[in-house]
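Worksheet: one structure, shown below.
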Amino acid sequence: LQGAMNQLRAAGSANAAFQHTHTYVLNPKCIKMGELYGEYHLLTNEWTDGLASTLIRQAMADESPDQHWVVFDGPVDAIWIESMNTVLDDNCMLCLPNGERIKLNPVTMRMVFEVQDLAVASPATV
């Protein structure tokens, strides 16, 4: 899908829905929660962004009409997926453990989940 959208944009399609598409792929199960969303360093009390929060900030910094897709490619875990509930509802807001909130642009930003099943996901997530 990404290739098709990029190709249509490059071909000069008049349809505004076909914009250049950037993807950021990560497997949330292969890293710890702090590495995914961010964490405080216990000795210095400094906040360090995680992989997902860094990718989302990077995508939100781009003010062009380009599409940004953050692809969570891996098994669903009840712990990391629950933190995505506010992203997936109408608020489109990522709430980090330090209390910071990142507002996502619902026009240019997408969260894509490539999972085998939703056995451990709550009804709110589905």
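Calculate how steeply helix 51-61 sits against the longest principal axis of the alpha-carbon atoms of the chain, using the helix alpha-carbon long axis, and give the answer as 0 to 90 degrees to the nearest 10.
Helix 51-61 sits roughly 40 degrees off the main axis of the chain.
Could you tell me which of rounded, prolate or oblate describes the range 34-81, using a ≥ b ≥ c as the square roots of the eigenvalues of the alpha-carbon gyration tensor, with rounded for a/c under 1.5 and, failing that, prolate when a/b is larger than b/c and oblate otherwise?
Since a/c reaches 1.5 but b/c is at least a/b, the shape of the range 34-81 is classed as oblate.
Which order do H22, H41 take by accessible area at a 1.4 Å probe, largest first?
Sorted descending by solvent-accessible area, the residues read H41, H22.
Around M109, which amide H atoms from residues at least 5 apart in sequence, or from another chain, sit under 5 Å from its own amide H, with H modelled in the peptide plane?
H68
Just the accessible area for Y37, please: 1.4 Å probe, Å², rounded to the nearest 10?
Looks like 10 Å² after rounding.
Provide the percentage of antiparallel DSSP beta bridges, counting only those with both residues in the chain; round to the nearest 5. Before the final figure, lay out each step's value.
Details: 6 of 18 bridges.
Within the chain, antiparallel bridges account for around 35 percent of the total.
I need the shape label for the range 33-126. Rule: rounded when a/c is under 1.5, else prolate if a/b > b/c, else oblate, with a, b, c from the alpha carbon gyration tensor.
Since a/c reaches 1.5 but b/c is at least a/b, the shape of the range 33-126 is classed as oblate.
Could you give each residue of the range 29-35 its phi-based ³J(HN,Hα) in whole Hz, using Karplus coefficients 6.51, -1.76, 1.60 with θ = phi - 60°, and x for Gly or Pro?
Each residue's phi maps through the Karplus curve to give 7, 8, 10, 6, 4, x, 6 Hz.
Report, by chain and number, residues whose modeled amide H sits under 5 Å from the one on N27, excluding near sequence neighbours (fewer than 5 apart, same chain).
Under 5 Å from the amide H of N27: D73.
The values are calculated or read from the model by the stated rules, or taken from the named source; none is laboratory data. As the structure is a prediction and not an experimental result, all values here were calculated from the model. These accessible areas exclude ligands, DNA and RNA; they are computed on the full protein's heavy atoms, side chains included. Shrake-Rupley method; radii C 1.70, N 1.55, O 1.52, S 1.80 Å.
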